Every structure is written in C-alpha cells, then in structure tokens.
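Read the figures in this text as sums done on the coordinates, not as results from a lab. Here the structure is a predicted model, which is why all the values come from computation and not from measurement.
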Amino acid sequence: MRALVYTAILLSALPALAAEAKVDAPPTEVSVKPTYTVWGYKWDARQYVRQTAYDLNTTDVTQAVNYAAQINRCTGWMATTNLPAPYSNDVPIPAVSVDGQTINLPYRTIRIPGFGNWNIQGSYADRAAEWDDRGEYDKAIADYNRALAINPYDANSYNNRGFDWWKKGSLDKAIADYNQALAICPTLGAAYSNRGVAWDDKGEHDKAVADFNQALAMDPNIAATYTNRGTIEAHRGEYDQANADYYRALAIDPNFATGYENLGFFQASCPDLRYRNGKKAFENASRGYQLANGTDAFYTANSLAAAYAECGDFEKARAWQEKVVELSPPEDKQMETARLELFKQGNPYRSTPQPRSE
C-alpha cells in the first residue's frame, strides 16, 4: 500500500545550488503597493486573485482569496497571518479592488532575520525531490533538513521527508514528520494519506482508515488514498466498500497502475463470488502491468499470478509467482512460497478476511 507525494522538481534551479549554501544574507523585503514581491518575483495582486478564482471555477472572490491563502501557507511560499515570533516582523497587505469587489488580502509581508534568500530553500527541496525519484533517500533527507532549517514552516518538506523515513523503514520518524506537516497545515490531505500508510504498516489499521478518511475529506481526489483504504477494507472482508474504493481511485486517475494492480488482485482472490471475476482480474492486472512499465515489479507480478490462477492458467500463474517469491521482502517470503505451492497444486488463491475486532 502506497500513497507517494512529491514536491515539484525544478531542475533549472539545481545547477546553481551550492553544496553548502550560505543563508546569512540580508533578508529580502516583501511588499505590495499594489504589487507584491516574493523571492524577487513581482505579481499583480488583482491578477493573482483572478487566476485563483478561475482555477476554482468560482466568481466568489473571497473564496478564491481564502483558498489561495491556505495553499500559500501549506507550501511555505508566502507568509500568512499566523506565524509566531521571531517571524512576526510583518506588515498587512493593503486592500485591493478586484472586478469591482474591495477585499482585504489575508497575506502579510514578512522579513525573516537570519534566513536570507528563500530561493535557496526551494532549491534544496527541489533537489531532495530529485533524490527521492532516484531512490537516494539519505541524500533526500539531508536536503530536506537544509530546506527546513531555512524555512521551518514548509509543510510539504515535512511531508516528503516523512516519505523518505517511511521508505527507510523508520515509521515513527515518518509519523513525526507527518504530524509536523499537519500542525503547520491541517488541511494537507497528502500528509493524512501518507500517515495512514505508516499506521497500516505498524498494524494500526483503525488509525490508518481514520487518516484515509480525513485525507479524502480534505482532498477527495487523491486516487492512492482510495485504493489504500480499499485494501484495508478487503482485508477486513468489507468487500462492498473495497470494490467501490478501487473503482473510485481509477475514476480519478485512469492511468493509475497500482490501482489496476490492486483491483485485479481483489477480483482474482476475493472469496465473495459477487466480486471475483477471472476475466476482469486479468484485464486489470494486465493494464496495471502496461502502465507500470517495469516499475512496481513485485505488485505487478503478484496481481498477474493471482489473475492467471483464477483463469485456470496455472503454468503462467506459477511463472509469475516465482517472480513474486524472488522479489518479496524477507517477512513475506514464506507466505508467497506457500501461494506458489498452491498454484503448483492447481488451486487458485482465496484471501481470508480478518474482520476488525470490536
């Protein structure tokens, strides 16, 4: 079960980043009269609100302003009104008129003593995301540490560093980072979703589902959260809910490889005849295989092995399950080997539900 979230990778910023950038340069003034400057970029306040309203498909300017303020708070790209000392050396941005409506922007200018140019922080975070994609999690953590030393209010960097700790198997550190991200930005759905994965890995399934539910309340368009919640529901024997969540994930992201893999495995192994369907299982597992394009080899092989077995092609089921055994982590080796023996005997796999304890 995964719910991976990355920051944007701005490769153009990486070559200019020194290994140990100096952060003691004089702070840059951020101001609005009526434009404001952030990291040296000038934006017209009116145009910014218009663009946000367009993105939200709304004519409610106040809604657009409030949404933009929350997004900026979560990314740390622009200070809002709730920063504590010593970050309170700020000045309110004056009211502006947007399309005939006079509004007070909920932004404040900010000067950060001792932190210097925030471009450096963004470059560290960008480079960390690149290390994430390469699987260099220690290097990613080091760069997120540097980014957070410059801007300790970047919820996304805490969230993404939590992902790195999770990949390294340090679940408590991952959860601590997700907690910090949510303390900064309580509406960051990705952090709830990722924390749910960590709780599930710790065997805290109720906490995992609670976090998945909260993630979807914050952002109902996180496909991975639906498929992750569906996997727990299927494990508990809640097949109606699991089936619905698997399909919701794919409705949001029709190119979600893991979503097809999980749905295919569910359709191949579900003990409830209403949802078990070998033909559909093979179609979905195959679609996941095509979309994964060589990644997620363990999950791809697992889905295809179960689908072939349900279709009665045990020769191919055995071949794929042998790959599963080869790729499986040590703690799963015995379980996957037992499933291989099942296929050798000409029997398909059926999952065993484990209802939650009341």
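The table for this structure:
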{"read-out": "Per-residue ³J(HN,Hα) for the stretch 141-153, Karplus 6.51 cos²θ - 1.76 cosθ + 1.60, θ = phi - 60°, Hz, x for Gly and Pro", "value": "4, 4, 6, 5, 4, 5, 4, 6, 5, 7, 10, x, 10"}
{"read-out": "The stretch 116-264: relative contact order in percent, alpha carbon pairs under 8 Å with at least 6 residues between", "value": "13 percent"}
{"read-out": "Per-residue HN-Hα couplings for the stretch 236-251 [Karplus 6.51, -1.76, 1.60; θ = phi - 60°; Hz; x = Gly/Pro]", "value": "8, x, 8, 6, 4, 5, 4, 4, 5, 5, 4, 6, 4, 4, 6, 5"}
{"read-out": "The stretch 252-351: relative contact order in percent, alpha carbon pairs under 8 Å with at least 6 residues between", "value": "27 percent"}
{"read-out": "Note, ³J(HN,Hα) from phi for the stretch 326-337, Karplus 6.51, -1.76, 1.60, rounded to Hz, x at Gly and Pro", "value": "5, 8, 5, x, x, 5, 9, 4, 5, 4, 6, 5"}
{"read-out": "Set Lys139/Lys323; Lys280/Lys333; Lys139/Lys207; Lys279/Lys316; Lys279/Lys344 screened for pairs whose C-alpha atoms are more than 19 Å apart", "value": "Lys139/Lys323; Lys280/Lys333; Lys139/Lys207; Lys279/Lys344"}
